[in-house]
1. Before we move on, is B:V107 of a type outside the set (S, T, N, Q), in contact with a Pro (Cβ under 7 Å, 6 or more places away or on another chain), open to solvent by less than 30 Å² (accessible area, probe 1.4 Å) and farther than 21 Å from B:F148 by Cβ?
2. Any idea how many residues of the stretch B:1-11 are without any contact (Cβ under 8 Å) to a residue 40 or more places away in the chain and either in contact with a Cys (Cβ under 8 Å, 6 or more places away or on another chain) or surrounded by 20 or more Cβ atoms within 10 Å (Cβ to Cβ) (or both)?
3. Would a scan of the stretch B:38-52 turn up a residue that is in contact (Cβ under 8 Å) with a residue 40 or more places away in the chain and out of contact with any His (no Cβ under 7 Å at 6 or more places or on another chain)?
4. Taking the options B:G152, B:G156, B:G123, B:G143, name whichever one is under 23 Å from the mean Cα position of the chain (by Cα) and within 25 Å of B:S186 (Cβ to Cβ).
5. Can you tell me which residue within the stretch A:173-197, out of those that are aliphatic (A, V, I, L, M), closer than 16 Å to A:R256 by Cα and within 26 Å of the chain's Cα centre (by Cα), is most open to solvent (accessible area, probe 1.4 Å)?
6. Out of the residues in the stretch A:315-329 meeting the condition of being in a helix (DSSP H, G or I) and within 24 Å of the chain's Cα centre (by Cα), tell me which one is surrounded by the most Cβ atoms within 10 Å (Cβ to Cβ).
7. Which of the residues spanning the stretch A:272-307 are of a type in the set (A, V, I, L, M, F, W, C) and under 16 Å from A:A111 (Cβ atoms)?
8. Hey, does the stretch B:57-67 have a residue that's of a type in the set (A, V, I, L, M), within 14 Å of chain A (Cβ to nearest Cβ), in contact (Cβ under 8 Å) with a residue 60 or more places away in the chain and on the phi < 0 side of the Ramachandran plot?
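The values are calculated or read from the model by the stated rules, or taken from the named source; none is laboratory data. Keep in mind the model is a prediction, meaning the values are calculated, not measured. Here Cβ is always computed from backbone atoms with ideal geometry, including for glycine, and neighbour counts include all displayed protein chains. The area values use the complete protein model at the heavy-atom level, side chains included, leaving out ligands, DNA and RNA. Shrake-Rupley method; radii C 1.70, N 1.55, O 1.52, S 1.80 Å.
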Protein chains: 2
Amino acid sequence: MAKTRIAIAGYGNLGRGVELAIKQNSDMELAAVFTRRDPSSVKLLTEGVKVLKLDDAKDMQDEIDVLIICGGSATDLPEQTPALAKLFNVIDSFDTHARIPEHFANVDKAAKESGHIAMISLGWDPGLFSLNRLYAESILPNGKSYTFWGKGVSQGHSDAIRRVEGVKRGIQYTCPVEAAMDVVRSGSQPELSTRDKHTRECFVVAEEGADKAKIEAEIKGMKNYFDQYDTTVNFITEEEFDAVHNKMPHGGFVMRSGMTGDGEKTHQMIEYSLKLESNPEFTGSVLVCYARAMARMKSEGMTGCKTAFDVAPAYLSPLSADELRASML
Amino acid sequence: MAKTRIAIAGYGNLGRGVELAIKQNSDMELAAVFTRRDPSSVKLLTEGVKVLKLDDAKDMQDEIDVLIICGGSATDLPEQTPALAKLFNVIDSFDTHARIPEHFANVDKAAKESGHIAMISLGWDPGLFSLNRLYAESILPNGKSYTFWGKGVSQGHSDAIRRVEGVKRGIQYTCPVEAAMDVVRSGSQPELSTRDKHTRECFVVAEEGADKAKIEAEIKGMKNYFDQYDTTVNFITEEEFDAVHNKMPHGGFVMRSGMTGDGEKTHQMIEYSLKLESNPEFTGSVLVCYARAMARMKSEGMTGCKTAFDVAPAYLSPLSADELRASML
């Protein structure tokens, strides 16, 4: 069977995660990488694959089955995904939850008009966590859902720290509060505030002679980013920073605490969790898995924009329906 | 919108769990209950619903959208599901893993020939656990999967205990070995034997004057049921038995320990778990949720046998696609 030919638009951490995931799936191959940088400056891990300017992607339509767009949600994807959906079957990991309906509408229009299929907001949240919220809430309609994130690096909060005067290096970990998770697991369905659910742990390398007390106060008081949380700021050496804080772990928990039965007195608990040593490598693995589903759904004639909610699980596996029923059901 | 009219075939613990789940979903209604017992001996929790002989189900075809068959997997479902799929859209929770391909073929043939849709092997294992195995293995192809069950009541093992001479009452709990789960969570991908993964805990009320040492030895040595496990047998009074062991809790864990990245050195861990105070009430909730999906898929013209693998998640929710994207993605 012919391999699914995947191209990557945007070769940062996520683009590289996608490339690495393709290597793990023998039914996929990397067909091209598109970049806004100088293509000659991009060094791939896969030999013999072309790196081209994003503007030249349009000339490659016949050589690509699925284009995975690895740009940022703030400004890249709202432009790129609808534009590229006119040319390719596209996948993105758009994660600005509040703007998903608008993004969906734009991508759906572009994909339908050009006869392509598109999938947006894939990854783990949105993505696998969304799926778990949907399954759990559909099964247990009387209940309460909780999402906890971490322990993991928040790029947005790390960027915010690095903008503080006197900060040379900085990283921020979002940490779920174990005690709050245990209360949820007990079945008591607590109301939890933002502060109850997560703490924020910062590691900072200060510039020589910087006022550390001032840095700490400024971080802790930062509106929306830190002021609603219990935040700790740890000053460390650059050596320690480079040795310990050079990874992008993340993860989290989706919990559904529901009640069933006569009088609705029976506790039922569903919990899903991820513990990821590398967020971009895992997200890339999810995107590649959905590229397999996309190729199959397109071959059945489907077009327009889809999300994880629209993809029957069997499409994701390299196994046939018979094999799946025999081995995994 | 018209409610989905559900009928139940077989009114034991699971049938009652289905009835209770229907009450929690305002888009569903219980249309009839079919039984092999004397219908007048069956007391429902729902007022005004007919209880009929299973043989009379054929006269109710126009009044039922989905029939949920709540028989046992050993002898009931292999006969009932194909036979009833000729008359109705049917759902079952067939859980004899090794015989699923054969059962699927029989049900698929009956459903296709009569233009019905059928779903088999729904519940949590097979069912939600199967889904989690499929999602996790598709996303992390390089890895190892583990399923642990419990702590929960195994009906088969409890029945086996009760067949031992001198046993008046008996119940058996399957318990996952916490230490083994922690090793899996560490990312080390251990090879685990049957004995490594689960222990079996029995609570027995002995007949007056029975030889307890003999009972204990007989239970512990029982081929296939107990001989491959570390088993404990606790003798208790009938009062304690009735007070403490009157529920059907269950649950378990599906874990995928995978590796990604350059050289495949990055640990990624996916874990799904259920903690259920009532196994039949939860299983009933899953079946009713899939009845919603079934009614929608049938209205789109689908026929034949499906499993959880074939059902796009969006079909399970009472929310519209727009609502799902806005609220749950």
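1. Numbers: of a type outside the set (S, T, N, Q): yes; in contact with a Pro (Cβ under 7 Å, 6 or more places away or on another chain): yes; open to solvent by less than 30 Å² (accessible area, probe 1.4 Å): yes; farther than 21 Å from B:F148 by Cβ: yes.
Answer is yes for this residue.
2. The initial filter retains those residues of the stretch B:1-11 that are without any contact (Cβ under 8 Å) to a residue 40 or more places away in the chain, namely B:1-3.
Imposing the further condition that a residue be either in contact with a Cys (Cβ under 8 Å, 6 or more places away or on another chain) or surrounded by 20 or more Cβ atoms within 10 Å (Cβ to Cβ) (or both) reduces the set to none.
Matching residues across the stretch B:1-11 total 0.
3. Keep residues of the stretch B:38-52 that are in contact (Cβ under 8 Å) with a residue 40 or more places away in the chain, which gives B:51.
Now drop any that are not out of contact with any His (no Cβ under 7 Å at 6 or more places or on another chain), which leaves B:51.
Within the stretch B:38-52, one or more residues are in contact (Cβ under 8 Å) with a residue 40 or more places away in the chain and out of contact with any His (no Cβ under 7 Å at 6 or more places or on another chain).
4. Values: B:G156 fails: within 25 Å of B:S186 (Cβ to Cβ); B:G123 fails: within 25 Å of B:S186 (Cβ to Cβ); B:G143 fails: under 23 Å from the mean Cα position of the chain (by Cα).
Residue meeting the stated conditions: B:G152.
5. Taking the candidates together, the pick is A:L192.
6. Of all residues in the stretch A:315-329, those in a helix (DSSP H, G or I) come to A:315-316, A:321-327.
Subsequent filtering for residues that are within 24 Å of the chain's Cα centre (by Cα) retains A:315-316.
Numbers: A:Y315: 19, A:L316: 22.
Looking at the filtered set, the residue picked out is A:L316.
7. First, pick out the residues of the stretch A:272-307 that are of a type in the set (A, V, I, L, M, F, W, C): A:274, A:276, A:282, A:286-289, A:291, A:293-295, A:297, A:302, A:305.
Of everything in the stretch A:272-307, those that are of a type in the set (A, V, I, L, M, F, W, C) and under 16 Å from A:A111 (Cβ atoms) turn out to be A:A291, A:A293, A:M294, A:A295, A:M297, A:M302, A:C305.
8. First, the residues of the stretch B:57-67 that are of a type in the set (A, V, I, L, M): B:57, B:60, B:64, B:66-67.
When the remaining residues are screened for being within 14 Å of chain A (Cβ to nearest Cβ), the result is none.
No, because not a single residue in the stretch B:57-67 is of a type in the set (A, V, I, L, M), within 14 Å of chain A (Cβ to nearest Cβ), in contact (Cβ under 8 Å) with a residue 60 or more places away in the chain and on the phi < 0 side of the Ramachandran plot.
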